[in-house]
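Notes follow once the structure below has been shown.
Bear in mind these aren't lab numbers, they're just calculated from the coordinates by the rules spelled out. These numbers come from a predicted model, not from an experiment. Because the Cβ atoms are built from the backbone with ideal geometry, glycine has one as well, and the counts that use them run over all protein chains shown.
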Amino acid sequence: MADTRTKAPPAHFTEAEAADIIREASTHALRSQSRERTLTREEVLAMAREMGVSEASVEVALAARGQKDEDRQKLRKDLLGRVRLRGMKRHSAAVLLLVAALASACATPPRGSSNPLGTYSPASQELHEAIAQVDGAFFRAYNTCDVAALSASVADDLEFYHDIGGLVTSGKTFVGLYKDNICGRVTRELAEGSLEVYPIANYGAVEMGVHRFRTTPDGPDAAGRYSKFVFIWRKQEGTWKLTRGISLH
């Protein structure tokens, strides 16, 4: 028969074991409260003294926690800093467009890899060539500041997504931000051989590929880097317009 009697706790503990027990007990006590209370720095130090922990040890722990918070903030600023151009207006919508335009940040050049789907072969050569022409026209306008042509190429309900920057939700906003912040400062190149096009029945086509954005020679990213993109084009009354864009790095 199994022994069901409660075993007495050991009489002696190492300092490490004692610290673990006190930590577990403190965590349990805090979780049992209906509302967690915010403590001041002085109250934390007072609790530490009651537990026999030196003030110096607490200061070291607080400094380490503060450094982690500072590192997180620095990383966020560095990521956003990659897409800031000289003279850029500091508002979130501009950041969204610039992140999309400078998707090269943190990206790596395309590499050969094993593809279980095999080598890309267009389902329709005619569609592939049509989208290649549409892409070329769109970015010729983009590279030459042809605002009218760019505006005619995007849908009113355009949505452009970026995994870091977020979302732009209209063609008008996209073009306006391009005109104010990108025109004359950034150019785009499609990586040769990277374009893939797939049909969407009764709608249009999906375009996928790798491209590179460069800033002006004295800009923050003159060399540029490669990044992936996905565009969705809608064909309506014989005209192609960009309705969705996704930029990943």
Kirkwood Rh, angstrom, region 165-244 [1 / mean 1/r, Cα pairs] = 14.5
Once the piece of chain linking Glu189 and Thr40 is laid out straight, how much longer is it, given 0.36 nm per residue of separation minus the C-alpha distance between them?
-> 48.2 nm
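What's the FRET efficiency of Ala201 with Ser170 using the Cβ-Cβ distance as r and R₀ = 35 Å, to the nearest 0.05?
0.85
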Give me the log10 of I(q) over I(0) for region 140-202 at q = 0.12, 0.24, 0.28 Å⁻¹, as the Debye formula computes it from C-alpha points; what are the numbers?
-> -0.38, -1.17, -1.18
Charge dipole magnitude, Cβ of K and R +1, D and E -1 - region 137-249, Cα centre, debye nearest 20 = 60
